[in-house]
Amino acid sequence: MQLAMHLHHLLYVAAGGSVPGSTSTPYQLHIINLGALAYGLAAIGPGVGIGIIFGKFMESIARQPEAQGRLTGFLWIGFALTEALALIGIAVFYFLK
Amino acid sequence: MNLVVAAQVAGQCTPASSHILSGCPYPAPSINDFYFTPLFTIGHFQFDKPMLLVLLSTLIVLTFFWAAFRKPKLVPRGVQNVGELGILFVRDQILRPQLGKKGDSWLPFLCALFFFIWINNIFGVIPILYFPATSRFEYPAILTAMVWVLYMGIGMWKQGPLRYLKNLAVPSGAPLWILPLLAPIDFLSNVFIRPFTLSVRLWANMLAGHVLLLVFALATWYLLTASYELVFSAASFVVLIALTGLELLIQLLQAFIFTVLTAFYISGAYETSH
């Protein structure tokens with residue numbers, strides 16, 4: 001019951017309703033920073049993805065060490081493309097400040 | 001607590017003068033750290049620090065390559081060695097895998113792009129300068145606009161406008177029944193999402209890196225006390241050094257990725273590939 005009330009309050013304020021006695025912009029939750037929450041959620045996917053990329057790189061070198069030179073280029077390209085999504089999240093953090 | 005309020009009210013808490021002992025709060029880096037007062041103004045045109053840095057980086061790249069290849073010798077000496085190292089890196093790691101040997105005429109463009117972005121990124125850790133101009137969105141944006149015009153223009157020129165747009169929307173080898181779902185997504189991805197991610201990837205990397213360095217640099221100064229608590233400031237300094245090393249890697253990597261993707265998009269404009 002308490003949890004449902006809190007959740008309802010959070011969603012109400014997040015939707016732009018203002019709590020009387022508080023100074024907040026319509027875009028920012030004044031209990032938690034919405035931008036920080038957005039970045040935290042955005043970092044989940046790339047975290048898993050980068051782990052997969054580097055894990056597969058290590059596995060394939062363990063199987064065939066001669067392939068290391070050819071694979072290193074793809075490693076960095078894959079890392080940067082996956083990291084981009086997490087960093088778009090941190091850019092959103094600055095928009096919501 | 002009163003000390004904090006009093007100091008804030010007195011308006012004397014600039015980031016340079018904030019100390020934990022003087023009652024000022026920690027000067028957290030914000031978006032205001034990316035806006036500078038103009039160095040000089042001509043009418044409506046304001047010349048500020050990022051513009052100066054971009055001009056400086058252009059000057060450095062031009063001067064370096066001019067000095068390296070002014071009198072090229074068959075057996076390289078001196079600066080020509082380093083210049084050849086740079087150009088061969090761009091040719092063998094960036095250009096040849098994407099465009100092949102017949103794409104060698106793109107070497108000056110890709111070389112200029114790579115070194116321009118890399119030198120601008122490096123300014124984030126050079127003393128006195130300490131600001132990567134690519135962390136202001138307009139600089140990656142204009143580079144991306146240039147690349148977008150290139151790969152759209154070359155595609156329309158080499159393959160004809162309508163056929164190129166069709167090739168953007170329909171990847172070869174896709175079964176016919178999935179096209180109503182795939183074609184809009186693929187078209188939007190190639191025409192709009194690609195420039196967006198290309199510019200934001202470079203911009204956000206440099207923004208986040210600069211903010212990280214700012215956090216620990218400001219903390220080092222803020223925590224500087226004359227007692228045993230100096231260890232906190234020292235720890236912050238050690239992390240600052242480690243992050244500077246990480247930033248050097250990220251700066252090179254982002255310049256590399258931008259150039260690799262540019263070469264890839266241009267190669268996709270020449271032929272329908274895969």
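Within segment B:227-249, the only residue that satisfies the criterion of being surrounded by 19 or more Cβ atoms within 10 Å (Cβ to Cβ) and out of contact with any Phe, Trp or Tyr (no Cβ under 7 Å at 6 or more places or on another chain) is B:Glu247. In this structure, B:Trp106 does not satisfy being among the hydrophobic types (A, V, I, L, M, F, W, C), within 21 Å of B:Asn205 (Cβ to Cβ) and in contact (Cβ under 8 Å) with a residue 24 or more places away in the chain.
Looking at B:Thr197, B:Thr244, can you tell me which residue is among the β-branched types (Val, Ile, Thr) and closer than 26 Å to B:Leu110 by Cβ?
On the way: B:Thr244 fails: closer than 26 Å to B:Leu110 by Cβ.
Sole residue among the options that is among the β-branched types (Val, Ile, Thr) and closer than 26 Å to B:Leu110 by Cβ: B:Thr197.
Against the test of being within 19 Å of the chain's Cα centre (by Cα) and either of a type outside the set (S, T, N, Q) or not in a loop (DSSP other than H, G, I, E, B) (or both), the options B:Leu53, B:Leu107, B:Leu74, B:Leu88 yield a single qualifying residue, B:Leu53. So for segment B:247-259 (the condition being within 14 Å of chain A (Cβ to nearest Cβ) and charged (D, E, K, R)), does at least one residue qualify? Looking through segment B:247-259, at least one residue is within 14 Å of chain A (Cβ to nearest Cβ) and charged (D, E, K, R).
For B:Ala67, the test of being closer than 30 Å to B:Ala217 by Cα and among the aliphatic types (A, V, I, L, M) is failed.
Does B:Val238 count as part of a helix (DSSP H, G or I), within 14 Å of another protein chain (Cβ to nearest Cβ) and of a type outside the set (Ser, Thr, Tyr)? Walk me through how you get there before you give the answer.
Values: part of a helix (DSSP H, G or I): yes; within 14 Å of another protein chain (Cβ to nearest Cβ): no; of a type outside the set (Ser, Thr, Tyr): yes.
It is false that B:Val238 is part of a helix (DSSP H, G or I), within 14 Å of another protein chain (Cβ to nearest Cβ) and of a type outside the set (Ser, Thr, Tyr).
Of the listed requirements (1) closer than 21 Å to B:Gly86 by Cβ; (2) in a helix (DSSP H, G or I), B:Thr144 misses just one: (1).
From the set of residues in segment B:121-141 that are assigned to a helix (DSSP H, G or I) and in contact with a Pro (Cβ under 6 Å, 6 or more places away or on another chain), which is surrounded by the most Cβ atoms within 10 Å (Cβ to Cβ)?
Residues of segment B:121-141 that are assigned to a helix (DSSP H, G or I), as a first pass: B:121-122, B:133-135, B:138-141.
Narrowing the set further to residues that are in contact with a Pro (Cβ under 6 Å, 6 or more places away or on another chain) leaves B:121, B:133-134.
Numbers: B:Asn121: 28, B:Ala133: 25, B:Thr134: 32.
This residue is B:Thr134.
Of the residues B:Lys158, B:Lys166, the single one that is surrounded by 12 or more Cβ atoms within 10 Å (Cβ to Cβ), under 25 Å from B:Ala269 (Cβ atoms) and either outside the structural domain of B:Gln254 (by TED's automatic domain parsing) or touching a residue at least 24 places away in the same chain (Cβ under 8 Å) (or both) is B:Lys158. Kindly indicate whether B:Leu261 is more than 16 Å from B:Ser199 (Cβ to Cβ) and not β-branched (Val, Ile, Thr). No; evaluated as a whole, the condition is false for this residue.
Filtered by the rule that a residue be farther than 20 Å from B:Gly209 by Cβ, among the charged types (D, E, K, R) and within 11 Å of another protein chain (Cβ to nearest Cβ), segment A:41-97 gives a lone residue, A:Arg70. Of the residues B:Phe264, B:Phe258, B:Phe187, B:Phe237, only one is of a type in the set (Phe, Trp, Tyr), over 29 Å from A:Phe74 (Cα atoms) and out of contact with any Cys (no Cβ under 6 Å at 6 or more places or on another chain); which? Answer to the check: B:Phe237. Applying the set (1) surrounded by fewer than 16 Cβ atoms within 10 Å (Cβ to Cβ); (2) closer than 28 Å to B:Pro50 by Cβ to B:Pro195 leaves exactly one unmet item: (1). Among the candidates B:Ser17, B:Ser30, the residue that is within 14 Å of chain A (Cβ to nearest Cβ), of a type in the set (S, T, N, Q) and more than 25 Å from B:Thr259 (Cα to Cα) is uniquely B:Ser30. For B:Gly173, the conditions (1) free of Cβ contacts under 8 Å to residues at least 12 places away in the same chain; (2) part of a loop (DSSP other than H, G, I, E, B); (3) of a type outside the set (Asp, Glu) all hold with the exception of (1).
The values are calculated or read from the model by the stated rules, or taken from the named source; none is laboratory data. Treat the numbers as computed from the prediction; the structure is a model and nothing was measured. Cβ coordinates were reconstructed from backbone atoms using ideal geometry, including for glycine residues, and neighbour counts include every protein chain displayed.
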